[in-house]
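Below you'll find the structure, written out as structure tokens, and then a few comments.
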Amino acid sequence: MPKKEKREPLQVGAEAVVFGYQGNHQLRLIQYLASRNTLFNLNNFLDKGALQGYDMSTFIRRYSRYLNEKAMSYRLVAVDFTKMKRGIDGVMRTMNTEKLIKTLPIIQNQLDALLDFQASPNELTNGVINSAFMLLFKDSIRLFAAYNEGVINLLEKYFDMKKNQCKDALDIYKKFLCRMTKLSEFLKVAEFLPLASPPSCVPPLNTCSLTPPHSPHTPCI
């Protein structure tokens, strides 16, 4: 019997990152992950056997948390935000007020998990970290596009909202502005990757023209 090849923990973790992303774009697997109590659990993953194991383990754990949040989003709304129809007649632009107020915070949570990866340009020289970052970069463009369209739709409906809905809409908008800043920082890191699409592919948004009335500035949340 041939001797079974010994695989280092970091190798297994790296393969899990790649497989998770590829499978995560298959509807059946997303549904499967969303139906489980325990999703992509690498929270305690730590490789002590490799020279760069500690650093890479940190990013593998962060990426697994994003996969968990993406599956959780699907569990809550039964849709992959990175795959939904966009444009003037897209899902987020035609969504009603009540559903927007429920859906946009879910997108915010998924984007937060994505942006929490927090890799620096120097760390992208590592193959595992670079691969995970590239996969997140692709999702960030599509996810923000859905987020952006939802906020535009929300603000267009602002003057027709009930008082409590206006309060929720303002809170969502303030958080959106903070996440625009964080996404901009994320994309600056992406500029160091030759295969990354330029940041200009992110939908532009003139925040001044879309600012709701009587919207005081508050710290990022």
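Can you tell me which residue among R93, R75 is in a loop (DSSP other than H, G, I, E, B) and either out of contact with any Leu (no Cβ under 9 Å at 6 or more places or on another chain) or of a type outside the set (D, E) (or both)?
So the residue among R93, R75 that is in a loop (DSSP other than H, G, I, E, B) and either out of contact with any Leu (no Cβ under 9 Å at 6 or more places or on another chain) or of a type outside the set (D, E) (or both) is R93.
Here is a list: L42, L114. Which entry is touching a helix residue (DSSP H, G or I) at 6+ places or on another chain (Cβ under 7 Å), closer than 27 Å to L193 by Cα and at pLDDT below 80? Please lay out each step first, then the result.
Details: L114 fails: at pLDDT below 80.
Going through L42, L114 in turn, the sole match is L42.
Can I152 be described as within 30 Å of E98 (Cβ to Cβ) and not basic (K, R)?
Considered against the rule, which asks whether it is within 30 Å of E98 (Cβ to Cβ) and not basic (K, R), I152 comes out as yes.
Answer yes or no: is there a residue in the stretch 116-123 that is without any contact (Cβ under 8 Å) to a residue 24 or more places away in the chain and either β-branched (V, I, T) or out of contact with any strand residue (DSSP E or B) (no Cβ under 8 Å at 6 or more places or on another chain) (or both).
At the first step, the residues of the stretch 116-123 found to be without any contact (Cβ under 8 Å) to a residue 24 or more places away in the chain are 122.
Next, from what is left, pick out any that are either β-branched (V, I, T) or out of contact with any strand residue (DSSP E or B) (no Cβ under 8 Å at 6 or more places or on another chain) (or both): 122.
Yes, because at least one residue in the stretch 116-123 is without any contact (Cβ under 8 Å) to a residue 24 or more places away in the chain and either β-branched (V, I, T) or out of contact with any strand residue (DSSP E or B) (no Cβ under 8 Å at 6 or more places or on another chain) (or both).
Quick one: is Q11 loosely packed, with under 13 Cβ neighbours inside 10 Å, at pLDDT below 65 and assigned to a helix (DSSP H, G or I)?
Against the criterion (loosely packed, with under 13 Cβ neighbours inside 10 Å, at pLDDT below 65 and assigned to a helix (DSSP H, G or I)), Q11 does not qualify.
Counting only residues that are farther than 20 Å from E69 by Cα and in contact (Cβ under 8 Å) with a residue 12 or more places away in the chain, how many does the stretch 136-157 have?
Residues in the stretch 136-157 being farther than 20 Å from E69 by Cα and in contact (Cβ under 8 Å) with a residue 12 or more places away in the chain: 7 in total.
Could you please tell me which pairs satisfy a Cβ distance under 7 Å, a separation of 6+ or placement on different chains, a first residue in the stretch 182-194 that is surrounded by 20 or more Cβ atoms within 10 Å (Cβ to Cβ), and a second residue that is polar (S, T, N, Q) and part of a helix (DSSP H, G or I)?
Within 7 Å, the pairs are L183/S140; F186/S140.
Does the stretch 159-169 contain any residue that is among the aliphatic types (A, V, I, L, M) and either touching a Cys at 6+ places or on another chain (Cβ under 6 Å) or in a helix (DSSP H, G or I) (or both)?
yes
Can you spot a residue in the stretch 168-176 that is at pLDDT below 90, among the β-branched types (V, I, T) and surrounded by 13 or more Cβ atoms within 10 Å (Cβ to Cβ)?
no
Restricting to the stretch 109-129, what's the tally of residues that are farther than 12 Å from Y66 by Cα and either assigned to a helix (DSSP H, G or I) or in contact with an Asp or Glu (Cβ under 8 Å, 6 or more places away or on another chain) (or both)?
9
Looking at (1) modelled with pLDDT of 70 or more; (2) within 16 Å of S140 (Cα to Cα), can you tell me which one Y21 breaks?
(1)
Return the residues of the stretch 116-127 that are surrounded by 18 or more Cβ atoms within 10 Å (Cβ to Cβ) and within 14 Å of the chain's Cα centre (by Cα); say none if nothing qualifies.
Result: F117, single match.
The values are calculated or read from the model by the stated rules, or taken from the named source; none is laboratory data. Given the structure is predicted, the values throughout are model-derived calculations rather than measurements. All Cβ positions, glycine included, derive from the backbone under ideal geometry; neighbour counts span all protein chains shown.
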